[in-house]
1. Say whether the condition of being farther than 25 Å from residue 56 by Cα and surrounded by fewer than 17 Cβ atoms within 10 Å (Cβ to Cβ) is met by at least one residue in region 150-159.
2. Please return the ranges of helices (runs of 4 or more DSSP H) entirely within region 77-151 where 2 or more residues are modelled with pLDDT under 95 and either at negative phi or more than 16 Å from the ligand (Cβ to nearest atom) (or both).
3. Looking at region 60-70, which of the residues that are in contact with a helix residue (DSSP H, G or I) (Cβ under 9 Å, 6 or more places away or on another chain) and assigned to a loop (DSSP other than H, G, I, E, B) is nearest to residue 24 (Cα to Cα)?
4. For region 219-239, give me each residue that is buried (at least 16 other Cβ atoms within 10 Å of the Cβ) and assigned to a loop (DSSP other than H, G, I, E, B).
5. In the list 214, 209, which residue meets the criterion of being within 13 Å of the ligand (Cβ to nearest atom), in contact (Cβ under 8 Å) with a residue 12 or more places away in the chain, in contact with a helix residue (DSSP H, G or I) (Cβ under 7 Å, 6 or more places away or on another chain) and under 20 Å from residue 136 (Cα atoms)?
6. From the list 260, 238, exactly one residue is more than 18 Å from the chain's Cα centre (by Cα), touching a residue at least 12 places away in the same chain (Cβ under 8 Å) and within 14 Å of the ligand (Cβ to nearest atom). Which is it?
7. Taking residue 243 as the residue in question, decide whether it is at pLDDT 95 or above, within 27 Å of residue 30 (Cβ to Cβ), in contact with a strand residue (DSSP E or B) (Cβ under 8 Å, 6 or more places away or on another chain) and within 15 Å of the ligand (Cβ to nearest atom).
8. Taking residue 201 and the conditions (1) away from the ligand (no atom under 13 Å from the Cβ); (2) not in a loop (DSSP other than H, G, I, E, B), which numbered condition does it fall short on, given that it satisfies the others?
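The values are calculated or read from the model by the stated rules, or taken from the named source; none is laboratory data. Every value quoted in this text rests on a predicted model; they were computed, and no experiment measured them. For neighbour counting, all protein chains shown are included, and Cβ atoms are generated from backbone atoms with ideal geometry for every residue, glycine included.
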Ligand code: G1P
C-alpha cells in the first residue's frame, strides 16, 4: 500500500530572466495563459491529481502570488452587489480551502534542490509532489488527465519515486535534466540514472525531466547536504541521484502536451493551445488566426 500524495510543492522563487522585461515587476508565474495565471493552471493540475495542501516556495517580489490564493473581499463584494454571479462563482471555485496553502521563502537563489528543501518542515515525513510552475500541461491523450494525475497513478502502481519525462531532440538535452532508461513498460519505465544539464552529445537518452515529480521525504536530508552542481546551483536531480541508490525511481511518459511557459515561444504556444480549447474563444480565435496567417 502506498501512502496517499496529499501535499505538493511549487517552487516559485525564480526570477524569470528568460522573460524580461515582462517579469520585472510581475512574477512570471502570474503571466496569463488565456484568462488564468500560469500558476493557477498548475495548481488546477495538482487539484485534479488529488492534492489537498499547496506549498509555495516564494521569494522577494512574489507577494502577489499569496494574494491570488486568498479572498479578495472588496472585489468579491462588488461582484456580488453588481450581480456578476458567473465571475464571482469562478473566483470562489479557484479559492483553496482555508488552511490548505502554505508559503515559505527561499531567501537566496541557490537552485531548485535548495528551493524544495525549504519546504521540508511544511511537508514533513510523507511522500509529496513537486510541480515546476513554468511547465503547463494539457490533457490530450486517451487518458484525458494532466501530467500529475498520471504520475500519481504510476506511483500507486510502482511506489517509490516518480519523474515525468518528455522527449526532446538530442541537440536540446543539455538544457535539461535527462534520465537513463532501464526496464521499459511503455507508459512507465525504470530509471537507471540521471544527469543534470549533460554536456552536448553526452545525454544518456532524449527523455528529459519535465517538471513533475513524486518524491519520498528522505530527499530532504539528502538535499540538506547537497553540494552545488550544474550552473553552481544545488540541483534536485543530484539529490534524486543519491536517493536512487536506495529507492526505486520510475519515469512516466506523459500522454498529453507540455508547454514551457518560461520561454517566449512556449508561452505563446500555451496561449494558442488553451485558447483553441476554450469553448467561448475557440471559433473566433481560429478565424482570426487564419486571417493573420493569410
Ligand atoms: C529544471 C530541472 C531540470 C528539468 C527542467 C525542466 O531546470 O533542474 O532537471 O529538466 O527544470 O524545465 P531549470 O529549468 O530550472 O534549469
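1. Yes - at least one qualifying residue is present in region 150-159.
2. Working: elements: 85-94, 112-117, 120-123.
By residue number, 85-94.
3. Across region 60-70, the extreme among qualifying residues is 62.
4. 226, 229, 233, 234, 235
5. Numbers: 214 fails: within 13 Å of the ligand (Cβ to nearest atom).
Exactly one residue qualifies, and that residue is 209.
6. Details: 260 fails: more than 18 Å from the chain's Cα centre (by Cα).
Criteria check complete, one pass: 238.
7. Details: at pLDDT 95 or above: yes; within 27 Å of residue 30 (Cβ to Cβ): no; in contact with a strand residue (DSSP E or B) (Cβ under 8 Å, 6 or more places away or on another chain): yes; within 15 Å of the ligand (Cβ to nearest atom): yes.
In short, no.
8. Among (1) away from the ligand (no atom under 13 Å from the Cβ); (2) not in a loop (DSSP other than H, G, I, E, B), the lone unmet condition for residue 201 is (2).
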